[in-house]
Amino acid sequence: LSCNEEEISKAIKLILSLNLSPGYIDTLVEREQYLIPDVIIWNDNGKIKYRLNKLSDRKLYVSQESKQLLEQLENKKQKDKETIKFLKEKIESAKLFIEAYNNRMLTLSTFVQEIISYQEEYFQEGDVMKLRPMKYEDIKQKTGFSESTISRIANDKYLQTHFGTFSIKKLFTKSIEAQTGEQVSSASIRYIISELINNEDDKSPLTDQEIQNKLQEQGFTLSRRTITKYRQQIGIE
């Protein structure tokens, strides 16, 4: 290139400063988080319907090539016993996997049916005030599933509804008894706290003690410590 040493030195310095992978997104850049719902729920003229997401509901089959190869080997006069044994084990393993997978989808379907039945009013419009207190034990009694199975489903499964997408775990809430004896969910209380703060006087924001008093007026007796915890859970300083 007929360059002198100074020009080459500058070029090397520039090249060393470049990103070797220009398509790489820096790890410090905040990435978008995408959720793929496992179940889709919608309101069909007052009737709550659902379907499992096809992305998570796949039809699995044992490879036909494997079956045909096994059949061919078994029909030969001189049998390759080691290969036949290997194929039989793998085919049987595949069948067991498919059976477990199908049972998993059936478990999820049964679980969602009972969730919808239990929270029918809530799924109508997504009104958090109609979200009933619900524990793993409540669904356990209806499905017969163990609490560990219910916990696993609740922790890593997502629902897409006509009012938002969220983790199934959010539907499980503690029970709080109003002065009337009515049982309401802790999610409902958090919603009331959020509404009280949204409607407060900006020049004189509510203290946790004042929020406690207002909840008391509405028939809910909670400690100030609980109020603080719920306020923090909904991300309000």
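The values are calculated or read from the model by the stated rules, or taken from the named source; none is laboratory data. Computed from a predicted model, the values in this text were never measured in an experiment. Please note: Cβ atoms are built from the backbone with ideal geometry, for glycine as well, and neighbour counts cover all protein chains shown. SASA here: full protein model, heavy atoms, side chains in, ligands and nucleic acids out. Shrake-Rupley method; radii C 1.70, N 1.55, O 1.52, S 1.80 Å.
Just one of the numbered conditions (1) at pLDDT 90 or above; (2) under 25 Å from Met134 (Cα atoms); (3) assigned to a helix (DSSP H, G or I); (4) open to solvent by 100 Å² or more (accessible area, probe 1.4 Å) is not true of Glu6: (2). Among the residues of the range 103-154, those identified as within 24 Å of Glu195 (Cβ to Cβ) and part of a loop (DSSP other than H, G, I, E, B) are Gln119, Gly126, Asp127, Leu131, Arg132, Pro133.
Given the criteria small (Gly, Ala, Ser), open to solvent by less than 60 Å² (accessible area, probe 1.4 Å) and in a helix (DSSP H, G or I), does Ser93 qualify? When the stated conditions are applied, Ser93 does not pass them. In summary, Lys174 fulfils each of the numbered conditions (1) open to solvent by 30 Å² or more (accessible area, probe 1.4 Å); (2) charged (D, E, K, R); (3) under 23 Å from Asn43 (Cβ atoms); (4) touching a residue at least 40 places away in the same chain (Cβ under 8 Å) with the single exception of condition (3). Of all the criteria given as (1) closer than 28 Å to Trp42 by Cα; (2) open to solvent by 30 Å² or more (accessible area, probe 1.4 Å); (3) not charged (D, E, K, R), the one not satisfied by Ile150 is (2).
Of everything in the range 30-75, what is open to solvent by less than 80 Å² (accessible area, probe 1.4 Å) and at pLDDT below 85? Give them in sequence order. Lay out the reasoning, then the answer.
Going residue by residue through the range 30-75, those that are open to solvent by less than 80 Å² (accessible area, probe 1.4 Å) are 37-41, 43-44, 46, 48-50, 52-53, 56-57, 60, 62-63, 66, 69-70, 73-74.
If the condition is that a residue be open to solvent by less than 80 Å² (accessible area, probe 1.4 Å) and at pLDDT below 85, then Ser56, Asp57 are the ones that fit.
Might you let me know whether the range 187-195 holds any residue that is more than 26 Å from the chain's Cα centre (by Cα), of a type in the set (Lys, Arg) and open to solvent by 40 Å² or more (accessible area, probe 1.4 Å)? There is no residue in the range 187-195 that is more than 26 Å from the chain's Cα centre (by Cα), of a type in the set (Lys, Arg) and open to solvent by 40 Å² or more (accessible area, probe 1.4 Å). Of everything in the range 197-234 that is polar (S, T, N, Q) and assigned to a loop (DSSP other than H, G, I, E, B), the residue that is farthest from Gln179 (Cα to Cα) is Ser204.
For the residues Gln160, Gln179, Gln218, Gln212, the requirement of being in contact (Cβ under 8 Å) with a residue 12 or more places away in the chain, surrounded by 15 or more Cβ atoms within 10 Å (Cβ to Cβ) and farther than 19 Å from Gln119 by Cβ singles out Gln212. So for the range 226-235 (the condition being within 30 Å of Leu108 (Cβ to Cβ), of a type outside the set (Phe, Trp, Tyr) and touching a helix residue (DSSP H, G or I) at 6+ places or on another chain (Cβ under 9 Å)), does at least one residue qualify? Yes, because at least one residue in the range 226-235 is within 30 Å of Leu108 (Cβ to Cβ), of a type outside the set (Phe, Trp, Tyr) and touching a helix residue (DSSP H, G or I) at 6+ places or on another chain (Cβ under 9 Å).
Annotation note: Cβ proximity below 6 Å between a residue of the range 59-70 that is more than 9 Å from Ala94 (Cα to Cα) and among the aliphatic types (A, V, I, L, M) and a residue that is at pLDDT 90 or above and surrounded by 13 or more Cβ atoms within 10 Å (Cβ to Cβ) (sequence gap 6+ or interchain) occurs for Leu60/Ile98; Leu70/Leu87.
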